[in-house]
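The values are calculated or read from the model by the stated rules, or taken from the named source; none is laboratory data. For clarity, every value in this text was computed on a predicted model and none was experimentally measured. Cβ: placed from backbone, ideal geometry, glycine included. Neighbour counts: every protein chain shown.
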Amino acid sequence: HAHRSQLYNEMGGEDALVGNVNKLMVTPPGYTGPPKKGHIVFDACIESGNLGRVDYISEFEFDLFIRPDTCNPRFRVWFNFTVENVRETQRVIFNIVNFSKTKSLYRDGMSPVVKSTSRPKWQRLPAKNVYYYRCPDHRRNYVMSFAFCFDREDDVYQFSYCYPYTYSRLQHYLASLERRNLDYLQREQLGLSVVSYCMFAHCVTAHLCCVSEKRVVFLTARVHPGESPASFICQGFIDFLVSQHPIAQVLRDHVIFKIVPMLNPDGVYLGNYRCSLMGFDLNRHWQDPTPWAHPTLHAVKQLIVQMNQDPKVSLEFYIDVHAHSTMMNGFMYGNVFEEEERGQRQAVFPRLLCQNAPDFSLSSTSFNRDVVKAGTGRRFLGGLLDDTSYCYTLEVSFYSYMTAGSTSPVPYTEDGYMKLGRNVARTFLDYYKLNNLIDESKLTGHINRCNYIFHHLTAMSLILGLFLFSISL
């Protein structure tokens, strides 16, 4: 205990954490010999990396400090770092000691994710190896400790709060879409971030240039950079809309989907949890964004205001995608209105989504007008747009979901998050059918054409197979 306190004071406490550790080899105090296997090397100078400091406690135990968001010491949740120079069978305990939030899904069985160079697929650590508790050695702050055994000396291991989804990963994904040359997908650069990362809006629609009224669904994600599940949802949403699924084809014929996949690219790149490079929580600045301090938010707001002023455009939905650090499942926040009928209409989409997505919770969905949420996209645009528009925050758990028949939580995977995105996209067909804005016969026509093509291809393959079989005889 005394050793920890002395270390803490000598290092200047949490105020001293201003950068990430960079290939930091941690050796026993006073050690002056050559580096050895088992002298662990920590590194967070990677994209979306975050680890501010490492204290050697013993050969088997290390205290790890999250680096606060840049220019804002209040937020310390996201971590993402690599470990190398390990010894085979080396057992360690890593203590994350300076979380800024006390309530956490670690109480409910959540665990960090890990991968290594020879096993590149992320997986969650076993929950039995993770402990979350108040620690007397750290001013009774909550600490998350996890035990790990390294099994391959030449591997580089990576540990993270949740599955990372970096700016580079998004660029690779969007480039793969571009290479498909889809005539119903357009990309528009809205502007640059403070450090000049590009922010794009993607438009998914068929030929709507001639219609009198353009129905628009606008979706944004990653205004909070540490909420990486939002990017997987966004990718699943786009994947479905650009697919050949008959529902996607009908939606493209009737609706314009505008998608901004990463509202805070600087924060994502830097490994922040909540803030932009300059320390702003962008989801509290929708009322007054400036081009110099909040350029990405300013550009998106300008686009939405411009669309709202266009008499040919009906901006019908705005959905901002987030991840939640204390609740299970997917769920939505909506606004409260004086008119009861408008509130009832707003509840329709979440109810339909609940029927399509087993991990979506209607009981966790709520409608509010908290003063502290006044600067959010949902609240600001709910006041700006007319009463035929619906604005939601879509939240998803960093950890897991419970279904109607399950007795224990089902941890989310990357694919699980993407599936929720696909189900959100599908739900728009149900909504527009319900409101008689999409003719069901058109959907039936699409499905019949798809079935015809499928059966035609199946028959051709059978004929080809029989032909090849007869030749072989």
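Can you report the number of residues in region 375-390 which are within 19 Å of the chain's Cα centre (by Cα) and not in a helix (DSSP H, G or I)? Write out each step before concluding.
Step one: of region 375-390, the residues within 19 Å of the chain's Cα centre (by Cα) are 376-378.
Retained after the next criterion (residues that are not in a helix (DSSP H, G or I)): 376.
Of the residues in region 375-390, 1 are within 19 Å of the chain's Cα centre (by Cα) and not in a helix (DSSP H, G or I).
Could you pull out the residue among Arg215, Arg252 that is surrounded by 17 or more Cβ atoms within 10 Å (Cβ to Cβ), touching a helix residue (DSSP H, G or I) at 6+ places or on another chain (Cβ under 8 Å), farther than 21 Å from Lys419 by Cβ and of a type in the set (D, E, K, R)? Steps first, answer last, please.
On the way: Arg252 fails: farther than 21 Å from Lys419 by Cβ.
When all the criteria are applied, what remains is Arg215.
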**OP:** Determine whether Phe240 is crowded, with 21+ Cβ neighbours inside 10 Å and assigned to a helix (DSSP H, G or I).
**Re:** yes
Original post:
Any residue in region 359-372 that is part of a helix (DSSP H, G or I), farther than 20 Å from Arg422 by Cβ and not small (Gly, Ala, Ser)?
Top reply: yes
**OP:** Scan region 298-319 and give yes if some residue there is at pLDDT 95 or above, hydroxyl-bearing (Ser, Thr, Tyr) and assigned to a loop (DSSP other than H, G, I, E, B), otherwise no.
**Re:** no
Original post:
Is there a residue being farther than 19 Å from Ala230 by Cα and either acidic (Asp, Glu) or in the same structural domain as Tyr106 (by TED's automatic domain parsing) (or both) anywhere in region 164-180?
Top reply: yes
Original post:
If you check Ala201 against the conditions, is it of a type outside the set (Asp, Glu), in the same structural domain as Lys312 (by TED's automatic domain parsing) and more than 18 Å from Gln171 (Cα to Cα)?
Top reply: no
Original post:
What are the pairs, 6+ residues apart or on separate chains, where a residue within region 248-261 that is assigned to a helix (DSSP H, G or I) has its Cβ under 6 Å from a residue that is crowded, with 24+ Cβ neighbours inside 10 Å?
Top reply: Ala248/Leu241; Leu251/Phe428
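Here's the yes/no breakdown for (1) more than 23 Å from the chain's Cα centre (by Cα); (2) closer than 30 Å to Tyr165 by Cβ; (3) without any contact (Cβ under 8 Å) to a residue 12 or more places away in the chain:
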residue: Val305; (1), (2), (3): yes, yes, no
residue: Val313; (1), (2), (3): yes, no, no
residue: Glu316; (1), (2), (3): yes, yes, no
residue: Val321; (1), (2), (3): no, yes, no
residue: Phe337; (1), (2), (3): yes, no, no
Original post:
Looking at region 195-212, which of the residues that are surrounded by fewer than 16 Cβ atoms within 10 Å (Cβ to Cβ) and among the aliphatic types (A, V, I, L, M) is modelled with the highest pLDDT?
Top reply: Val195
Original post:
Among the strands (runs of 3 or more DSSP E) confined wholly to region 70-146, which include 1 or more residues that are in contact (Cβ under 8 Å) with a residue 60 or more places away in the chain and over 19 Å from Tyr273 (Cα atoms)?
Top reply: 80-84, 91-96, 119-124
